Amino acid sequence: MRRIRPRRSPAAPLLLLSWAGAAAVVWLWWRGTPAVAATTADRLVNAGRITGLLAGYAIALVIAQMARVPALERRVGSDRVVRWHARTGRYALSLTLAHVVLILYGYALQARTGVVAQTVSVVTGYPDMVEATVGTVLLLLVGLVSAGAVRRRMRYETWYYLHLLTYAAVYLAFWHQLATGDQFVGDAAARTAWYALYAVVGVLLLWYRVLTPVRLNLRHRMRVEAVVREAPEIVSVLIRGRRLHRLGAEAGQFFRWRFLTKGLRWTASPYSLSAPPRPDLLRITVKAVGGHSAALARLRPGTRVWAEGPYGAMTAARRSRGKVLLLAGGAGITPLRALFETLPGAAGDLTLLYRARTAEELALRDELEAIADERGAQLLYAVNSPNGRRPAITAKMLRRILPDIARHDVYLCGPPGLAEESYAALREAGVPHRRIHHESFEF
């Protein structure tokens, strides 16, 4: 405990590296553009070229962020990488649209023809442009289904498989950059650098999205051991396998699970470990909030399991102080229950505050109380009163139960509303942002 050294997140260096890459792309455009300002048509074409180059670079970043690289997933945090992916995707889509509009309008002015006629001429007359057009349409489709208003009306599985069209779109659009881009046609070094960028991204994708999961599942051969009811609409799934300690999983992390049975085999969903991993056994605890999670209660022993992971950065490595508050709500108890058992600490160092609507919904209650007794930890419940009144989590309440709350690390996991309310209360109570550790995933 005297040597707590929190693992530093590489988020800031990675963001700087990404922006440095964008600056290099701008330099590549500048280097290959002898004259920027001439006629309006020339300016539009040049603007179309720089937006096209930046779009190609942003799309490479989008794919890299989809590759589930452990350095990102376990050090930066899966939820943060997802947000980066969404933001970069919006940049890539906007730049692609700007590229198409600017380049076609500029070419039309140069040729003194209409935009429609010029579009037909470019698509049918330039090399690899038919494929690039199809790729652009696919990118627009992916962008449309990823918009919040549309995504919320779709089943997760439908959205997920449509999202995979990004790979096909990138492949189709890639080649026209090298075949028609002025910065690449006469510059072997620029072409080599562009090939190298996409080759690295492709290798990351192949290694971590395909080969690593195949190796993991062939090696560990996981199957459902049992399904245990923990509370109303909450079950634990025990998963047995070989040499599971070699997975490198930690309390607080999650896997993406695919259960190879009817109705579940085509969907991989993230569920956290609800107990410390054992050499032969893993456990997840799931609340029925949708069709997939509800179906887990009907799993049969012996069902094959396909897993990817471990992922997530909400582990003991984030800790920077001796005292810790674990603040859970609903199904958010699952990763915090594992941390409650494993976080190093003396008697009185750990506190778990568990928010639920009713006492019957307090999942894993017996286990939590046994852990608290054994470790000398404080276990508190925030349950609605008999008349349904909801106890609010406020800065005043937090200071009452923990007068030194400002000197704690806090691990927070729960529904979005609870997370927002609790985060605001913690900040008001004096807990710095860097000591509030939280991962959230919303479809």
FRET efficiency for residue 378 and residue 246, Cβ-Cβ distance as r, R0 = 51 Å, nearest 0.05? 0.90
Please enumerate, by chain and number, the aspartates and glutamates with C-alpha under 16 Å from the C-alpha of residue 262, excluding those fewer than 8 residues away in the same chain. 157
How many angstrom separate the Cα center of the stretch 167-231 from the Cα center of the stretch 356-396? 44
Using only the Cα atoms of the stretch 389-434, each taken as one equal point scatterer with no solvent, compute I(q) by the Debye sum, divide by I(0), and report log10 of the ratio at q = 0.26, 0.31, 0.32 Å⁻¹. -0.99, -1.27, -1.31
On Cα atoms only, tilt of 188-206 relative to the major axis of the chain in degrees: 30
Quick check for you: with a 1.4 Å probe and neighbouring chains kept, what is the accessible area per residue of the chain, in Å²? 50
With label points set 7 Å from each Cα along the Cα-to-Cβ direction at residue 420 and residue 196, the distance between them in nm comes to 4.6
For the stretch 214-293, which trypsin sites (Lys or Arg not before Pro) are both in a DSSP coil and crowded by at most 10 other Cβ atoms within 10 Å? 262
Compute the helix-to-body angle for 416-428: its Cα long axis versus the longest principal axis of the chain, expressed 0 to 90° and rounded to tens. 80
Residue 367 versus residue 94: modelled label distance in nm, points set 7 Å from Cα along the beta carbon direction: 4.4
How high is the relative contact order of the chain, given as a whole-number percent (alpha carbon pairs under 8 Å, six or more residues apart)? 14
What FRET efficiency would be calculated for the residue pair residue 112, residue 175, taking the C-beta separation as r and a Förster radius of 41 Å, to the nearest 0.05? 0.90
Write out the trypsin sites (Lys or Arg not before Pro) in the stretch 86-178 meeting two conditions: DSSP loop, and at most 15 other Cβ atoms within 10 Å of their Cβ. 112, 152, 153, 155
Farthest positive-ward along the chain dipole, Cα basis, beta-carbon charges - from 281, 440, 383: 281
Which residues does the label zone of residue 233 cover in the stretch 339-355, counting backbone N under 17 Å from a point 7 Å along Cα→Cβ? 355
Can you send over the carbon and sulfur percentage of the accessible area for the stretch 151-282, probe radius 1.4 Å, protein chains only? 60
Distance in nm between pseudo-label sites at residue 144 and residue 23 (7 Å out along the Cβ direction from Cα): 3.9
What is the magnitude of the charge dipole of the stretch 49-137 about its Cα centre, with +1 placed on the Cβ of each Lys and Arg, -1 on the Cβ of each Asp and Glu, and no other charges, expressed in debye to the nearest 20? 420
Of the candidate values (1) 199; (2) 210; (3) 176, the one computed for volume of the Cα convex hull per residue in Å³ from this structure is (3)
CD proxy at 222 nm, helix term only [per DSSP H run n ≥ 4: -39500 (n - 2.57); per residue of the chain; nearest 500]: -15500 deg cm²/dmol
Among 304-314, 415-425, 8-18, the order from most to least packed when residues are scored by Cβ within 10 Å on average: 304-314, 415-425, 8-18
Loop-only check: which trypsin sites (Lys or Arg not before Pro) in the stretch 379-411 are DSSP coil with at most 12 other Cβ within 10 angstrom? 389
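The values are calculated or read from the model by the stated rules, or taken from the named source; none is laboratory data. From a predicted model like this one, the values you see are computed outputs, not experimental measurements. Note that we place each Cβ from the backbone using ideal geometry, even for glycine, and neighbour counts take in every protein chain shown. Ligands, DNA and RNA are stripped out before the accessible areas are found, and what is left, the full protein with its side chains, is counted by its heavy atoms. Shrake-Rupley method; radii C 1.70, N 1.55, O 1.52, S 1.80 Å.
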